[in-house]
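The values are calculated or read from the model by the stated rules, or taken from the named source; none is laboratory data. All of these numbers come straight from a predicted model, not from anything done at the bench. Don't worry about glycine lacking a Cβ; one is built from the backbone with ideal geometry, like all the others, and counts go over all protein chains shown.
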Amino acid sequence: MSRIITSIILFVISALLAECSIRHFLERGYLFNNAYIFAPKTERESMDKKPYYRQSAVVFLLMSAVFIVLGLAAIFESTKLELIEIPLIAGAVIYAVISAVKIEKCQNDAGNKEKTIRQKKRQQKSKKKK
């Protein structure tokens with residue numbers, strides 16, 4: 001009986017994570033991402049949220065798969081099924097780190113382009129004044 005209750009709880013958690021993943025893929029709802037949560041309010045208003053939504057959606061999806069595997073392992077009492085969760089968790093962690101680095105790099109590149117554009121405009125204005 002406890003196996004069934006445990007598996008039901010794990011499947012409910014998986015369903016909640018899948019729902020969060022779907023909402024994040026659709027870019028709806030609150031953005032559960034540290035870069036967004038800890039950013040200053042002024043920066044939050046101007047930041048491009050799309051890559052953060054995608055990053056969170058993929059991680060939520062992988063964690064949902066982990067809880068499905070855990071639920072199945074609880075039902076079938078299989079330690080072999082539990083071994084499947086290790087690469088899923090590792091994949092989620094690796095993806096989160098790599099995508100965070102890529103997002104930061106893209107934003108820095110975009111910021112550098114904006115600075116270059118602003119500098120060119122200033123140079124053009126200064127030439128016009130002369």
Please determine whether any residue of the stretch 41-57 is among the aliphatic types (A, V, I, L, M), surrounded by 18 or more Cβ atoms within 10 Å (Cβ to Cβ) and touching a His at 6+ places or on another chain (Cβ under 9 Å). yes
Per the filter on the stretch 61-103, residues among the charged types (D, E, K, R), over 18 Å from the mean Cα position of the chain (by Cα) and either under 19 Å from His24 (Cα atoms) or in a helix (DSSP H, G or I) (or both) are Lys80, Glu82, Glu85
inquiry  = Is it the case, given these coordinates, that Phe38 is at pLDDT 95 or above and among the hydrophobic types (A, V, I, L, M, F, W, C)?
reply    = no
With criteria (1) closer than 29 Å to Ile4 by Cβ; (2) at pLDDT below 90, Gly71 comes up short on (2)
Going through the stretch 38-58 in order, the residues found to be part of a helix (DSSP H, G or I) and within 12 Å of the chain's Cα centre (by Cα) are Lys50, Pro51, Tyr52, Tyr53, Arg54, Gln55, Ser56, Ala57, Val58
For the stretch 83-111, pairs from a residue that is farther than 20 Å from Ala57 by Cβ and without any contact (Cβ under 8 Å) to a residue 40 or more places away in the chain to a residue that is part of a helix (DSSP H, G or I) and of a type in the set (A, V, I, L, M, F, W, C), with Cβ under 6 Å and 6 or more apart or across chains, are Ile84/Val69
Note on the stretch 12-37: residues among the small types (Gly, Ala, Ser) and assigned to a loop (DSSP other than H, G, I, E, B) are Gly29
